[in-house]
1. Given (1) more than 30 Å from His68 (Cβ to Cβ); (2) surrounded by 11 or more Cβ atoms within 10 Å (Cβ to Cβ), identify the lone condition not met by Val12.
2. Would you please name the residue that is farthest from Gly159 (Cα to Cα), looking only at residues in region 242-273 that are open to solvent by 40 Å² or more (accessible area, probe 1.4 Å) and among the small types (Gly, Ala, Ser)?
3. Which one of Leu146, Leu187, Leu238 is under 29 Å from Met76 (Cβ atoms), out of contact with any Gly (no Cβ under 9 Å at 6 or more places or on another chain) and either in a helix (DSSP H, G or I) or not hydrophobic (A, V, I, L, M, F, W, C) (or both)?
4. Which of (1) without any contact (Cβ under 8 Å) to a residue 40 or more places away in the chain; (2) in contact with a strand residue (DSSP E or B) (Cβ under 7 Å, 6 or more places away or on another chain); (3) among the hydrophobic types (A, V, I, L, M, F, W, C) does Ala155 not meet, given it meets every other one?
5. Evaluate region 121-131: report whether one residue or more is over 15 Å from the mean Cα position of the chain (by Cα) and part of a helix (DSSP H, G or I).
6. Out of region 225-236, which residues are out of contact with any helix residue (DSSP H, G or I) (no Cβ under 8 Å at 6 or more places or on another chain) and either surrounded by 13 or more Cβ atoms within 10 Å (Cβ to Cβ) or closer than 12 Å to Ala170 by Cβ (or both)?
7. All but one of (1) under 15 Å from Ala50 (Cα atoms); (2) of a type in the set (S, T, N, Q); (3) at pLDDT below 95 hold for Gln74; which doesn't?
8. Can you spot a residue in region 137-152 that is open to solvent by 10 Å² or more (accessible area, probe 1.4 Å), in contact with a His (Cβ under 7 Å, 6 or more places away or on another chain) and charged (D, E, K, R)?
Amino acid sequence: MPESPTAPDHSVTRNLLVAIIIFLCAHFALLFGVTTPDKFYFDEVHYVPAARQMLEPANSAPLLNPMHPPLAKQLMALSILAFGDEPLGWRYPSVLFGSLAITAMYLCGLALFASRGRAIAAALIAFLNQMVFVQSRIAMLDISGLAFTLFAIAAFLYGFRRQRPHRWFALAGVAFGFSIACKWSGLFALAVCIVIVAVIRLMQSWRTQFADANPNDWYRPDLWPDFRYYHFAACFMLVPAIVYLASFVPLYGLSIPDILEAQRRIFSDNTTTAIAGHTYMSAWPSWPLLLRPVWYLFDMVGDDRIAAVVLLGNPLVLWPALPALALVLRDWIVTRRWDAFLILSFYFGPWLAWAVLPRTVGFLYYYMPPATTASLALVYALRRGNSPRWLLWAFVAVAALGFAVMLPISAASVGTSMATFNRLMLFQNWI
């Protein structure tokens, strides 16, 4: 039986070349004006001091920002060491991993659609959704976690339709370990993979068969014949755990009690209700509707000039993504398509996970992973059936227009007037 229902799109070399071009274009676009403002803004006040502390000869007590794993802060510390303790040093890791996140979206599109054009469109839409752009220009943890998560998803997608997925699933496990070592929210996409594999294995043990089975079904009784339970445990539990725990060794050495205590502290700090009244907090059901943005920066820099950064999301991308997801859901229910199933899994899993967590504080930027994978749903819907190719690229052009209109409140270096600001604030709750 073939590894995939469609042949790969041209050569691996050409796909790699396109990925490199996408990375370089995204990198230079994100790097432009990244040093503005030249001071801390929003949560940089927490993460940059924690990164600085890691560069000290001996870690001073108490440890700064112990409520998150160390990897993203370690990368920030290395950047400060390389570029200096200044805005470029603080923010360059975000630029780097934002560029890698867009590249990973291209790989996800290749794995899902086996089409270079659709994969490029998915990467462009992900860039134009505004969230990735804003989060790639601030010294926070989320964008590095997103990049590793998307590479893990890409590896999982590549392995899903193969008879021997072992190598791809192991690579996914490595990337998930890095993602979780940046921020625990990386666990959500890993949990999606675990549930998918467990459900398929359970159905196979029940000898489930579809009466009208076809090659595009998300479930097949002959899927992964040599993938045993110990392969599953190694790829999705052991490998991520080893990679994750290794990130604590520079801080605690091989002291198991100290590493375990760090896990207890992270869990405790992320389930507290002590900061339940933040100005820009929002509940998870509101995120797809973009009801409450997060203002990272709002500075008056002249009589009628402001420097502003808001994480809002591009409405011309994320609102159309909702009917696109409904169409994907319809196709999965009616035709059982594997690509529709995986798109839905990696959108709804990382989003709805927030509904079951005990954490009471939520912000729109928690929605960034599902908002990014929603670009796959848009490509799927716009190229579904006999839809003309120009329709997808017309949508990319509309998304680019929305992105350009929002640029004055997405990049502090661009700036805007109060009149433009007031025109962009379509709803009172956006302010």
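The values are calculated or read from the model by the stated rules, or taken from the named source; none is laboratory data. As the structure is a computational prediction, the values presented were derived from the model and not from experiment. In this analysis, Cβ positions are derived from the backbone assuming ideal geometry, glycine residues included, and neighbour counts consider all displayed protein chains. Ligands, DNA and RNA are stripped out before the accessible areas are found, and what is left, the full protein with its side chains, is counted by its heavy atoms. Shrake-Rupley method; radii C 1.70, N 1.55, O 1.52, S 1.80 Å.
1. That leaves (2) as the condition not met.
2. Across region 242-273, the extreme among qualifying residues is Ser268.
3. Leu187
4. (2)
5. Yes, the conditions are met somewhere in region 121-131.
6. Ala233
7. (3)
8. The answer is no, given that none of the residues of region 137-152 is open to solvent by 10 Å² or more (accessible area, probe 1.4 Å), in contact with a His (Cβ under 7 Å, 6 or more places away or on another chain) and charged (D, E, K, R).
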